[in-house]
Amino acid sequence: MMRTSVLVIGGGPVGLTLSILLARMKIDHQVVESRLAPSPHPKARGISARSMEIFRRLGLESEIRAAGLPADHVAFFRGKTLDDPNYTRTVVDSSRSGHTPAPGLLCSQDALEGVLSVHAGDRVRRGVRLISFEQNDSEVSATVRDERTGEESALRADWLIGCDGAHSTVRTGVGITMTGPTGLNEFLSVRFEAPLGAVVADRASASYFLTGGGGFLAIDNDRQWIYQHPLQGRDPGDIDLIARIRSGVGISDLPVRISGTATWRMDARSADNYRSGRVLLAGDAAHTVPPTGGHGMNVGIGDADNLAWKLAAVITGAAPESLLDTYESERRPLARRVIDISTANARARDSYRIDDELLLGTAYRDSDTLIRTDGYVPAAAVGDRLPHAWLPDGRSTLDLVGPGHVLLTGPQLPEDLRRLCGLSPTTALLVRPDGHIAARLYA
C-alpha cells in the first residue's frame, strides 16, 4: 500500500497550486485527478492580483503572463453585437495603483493548468479517480481507480485535501453540507473557432456582454472563443448554435466551427465546515462563487496558500494540529463575503466592475476575516497582507516572503511604506509564509 503525507484530490488550479506550495516546503504528497487533460471549457479566466502575487512567489509569474491575454485586453465590452459601432468598453487596470508588483490578468483555465502541471510534475497522477476513503485518528485510507485500466489501488495519507470541485466526492464522503442558493442561472457554454480577430481589433476585451443577453469570452481574441448563452429553462438541443453565434457577432455568413459544448449552473454556496478530522476542503469543494466578478478561482488559490504552510507546520511538528482549525476560521468568512459580492454583481449584470485588488484587502482578525469593498488601502496590522513597496534592489517587499516565517526589521522596510502604515523605524514585522502579518514587534 502506497503512503504519503498529503493526498490531494483534484488537479485543477487549486490542487496544482497546493501541490507546488507543498513541494516548495518539502512536504511529501500526491495529487490524483480523474481527467486526463484540462477541460476545453475553462471555468475561470481571471487571475487576480493576489493570485498573481502567489504565483510570483513561486517563480511562475512570467510563464503565466505569457500564457494569458495582453494586459490591454483586460476590459469589458458592452454592445448589441460584437461589431456594434456604438459599443462601450471599460478597462480594468490595477498596474497604475502601485499596490501590487503583480497585477491580475486574463488566462484561460486550461492554459493556466498547463503551466501549473509542468511545475507540479510527476506528483500528479492523471486519469485516477477517488472511489472511497475512511479515516481514523492517525491517518486516512483511500481507494482510487485508474480510469484507463480499471485497476484499483489503496493509498494511505496523514491528511486528505478535497480540491475536487463543486460536486466534491471528498465533501460528500465526510458528510459536510453546503448552504446557499443554487440555480441562480444556467448557461450553455460553446467552445468555437471563428476568424474574429479583425472584428475586435479596435475593441479587444476579455468579456463581451450583449445587451440582448448572452455574450462572448475571449480565449485569444483571434480565432478561439467561448459563447455563453442563458438557458432560462430551455433544452440546449433546441438552440441553433451557429445561428446564435452569427447573430451575436453581427455577421450572417461568419464561418464557425464548434468544438464542444457544456452546461453550467450559477450557485452561491459555501460548505458548513472546511475540516472534518484529517480531511479538509479547498476551492470549489468548499465554496461555489458566482463568476460575476471573477473571484471564485482566486479564492480557491488563496485557500491553497493559507492551507499549505499550516499543513507543513503540523506535519513537521512545528505547530499543533489545532493550527489547522484557523484555516476554516480565516478562509470560510472570506468566501462568504466574496459570494455575497459576486451575487450582488450577478443582479447588476450591466453595471458591475472587476475589482482586481479586492483580495489584497483580506485581513485576518481573531474573530473574523475582513475585506474592503471600497478599494484597497495598504495597512500593516496583524492579519493584513504585507503591503507592497519597491526595495532599492528592484525587488518588492512581497519578494521577501516565504517559504517560512520572515522577520522584517525597520531598516528593511522602505520609508514611504513605514510612513503609510504608521511603522516606526524600530518596529519589526513577523510575516507568515502566505504574506500575512503574524505579529508586530517593538524594540
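The values are calculated or read from the model by the stated rules, or taken from the named source; none is laboratory data. It should be emphasised that the depicted structure is a prediction, and the values quoted were computed from it without experimental measurement. Note that we place each Cβ from the backbone using ideal geometry, even for glycine, and neighbour counts take in every protein chain shown.
Odds and ends about this structure:
- Options 253, 284: the member that is closer than 22 Å to residue 161 by Cα, at pLDDT 95 or above and acidic (Asp, Glu): 284
- Within segment 28-46, the presence of a residue that is in a helix (DSSP H, G or I), surrounded by fewer than 24 Cβ atoms within 10 Å (Cβ to Cβ), in the same structural domain as residue 152 (by TED's automatic domain parsing) and out of contact with any Pro (no Cβ under 7 Å at 6 or more places or on another chain) is excluded.
- Every condition in (1) out of contact with any helix residue (DSSP H, G or I) (no Cβ under 7 Å at 6 or more places or on another chain); (2) of a type in the set (Asp, Glu); (3) closer than 26 Å to residue 389 by Cα is met by residue 63 except one, and the failing one is (1).
- Qualifying residues in segment 262-315 (those that are of a type in the set (Val, Ile, Thr) and not in a loop (DSSP other than H, G, I, E, B)) - the one farthest from residue 402 (Cα to Cα): 263
- Residue, surrounded by the fewest Cβ atoms within 10 Å (Cβ to Cβ), within segment 243-278, restricted to residues that are closer than 25 Å to residue 78 by Cα and hydroxyl-bearing (Ser, Thr, Tyr): 252
For (1) among the aromatic types (Phe, Trp, Tyr); (2) under 21 Å from residue 44 (Cβ atoms); (3) over 27 Å from the mean Cα position of the chain (by Cα), each residue gets a yes or a no:
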| position | (1), (2), (3) |
| --- | --- |
| 156 | no, no, yes |
| 159 | yes, no, no |
| 182 | no, yes, no |
| 197 | no, no, yes |
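- No other residue among 139, 147, 152 is closer than 17 Å to residue 6 by Cβ, more than 26 Å from the chain's Cα centre (by Cα) and charged (D, E, K, R) apart from 139.
A quick yes/no check of all residues on (1) surrounded by 15 or more Cβ atoms within 10 Å (Cβ to Cβ); (2) in a helix (DSSP H, G or I); (3) touching a residue at least 24 places away in the same chain (Cβ under 8 Å):
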| site | (1), (2), (3) |
| --- | --- |
| 85 | no, no, no |
| 89 | no, no, yes |
| 110 | yes, yes, yes |
| 117 | yes, yes, yes |
| 129 | yes, no, yes |
| 132 | no, no, yes |
| 142 | yes, no, yes |
| 145 | yes, no, no |
| 150 | no, no, no |
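- Residues located in segment 395-430, provided they are of a type in the set (S, T, N, Q) and exposed (fewer than 13 other Cβ atoms within 10 Å of the Cβ): 424, 426
- Count - residues of segment 165-209 that are without any contact (Cβ under 8 Å) to a residue 60 or more places away in the chain and of a type in the set (D, E, K, R): 1
- Verdict on residue 433 being farther than 20 Å from residue 103 by Cβ, touching a Leu at 6+ places or on another chain (Cβ under 9 Å), outside the structural domain of residue 21 (by TED's automatic domain parsing) and buried (at least 20 other Cβ atoms within 10 Å of the Cβ): yes
- Enumeration of residues in segment 112-165 that are among the small types (Gly, Ala, Ser) and over 27 Å from residue 321 (Cβ atoms): 114, 117, 121, 127, 150, 153
- Selection count where residues are over 24 Å from residue 235 (Cβ atoms) and touching a residue at least 24 places away in the same chain (Cβ under 8 Å), scope segment 247-287: 24
- Test: residue 155 is farther than 24 Å from residue 292 by Cα, touching a Phe, Trp or Tyr at 6+ places or on another chain (Cβ under 9 Å) and part of a strand (DSSP E or B): yes
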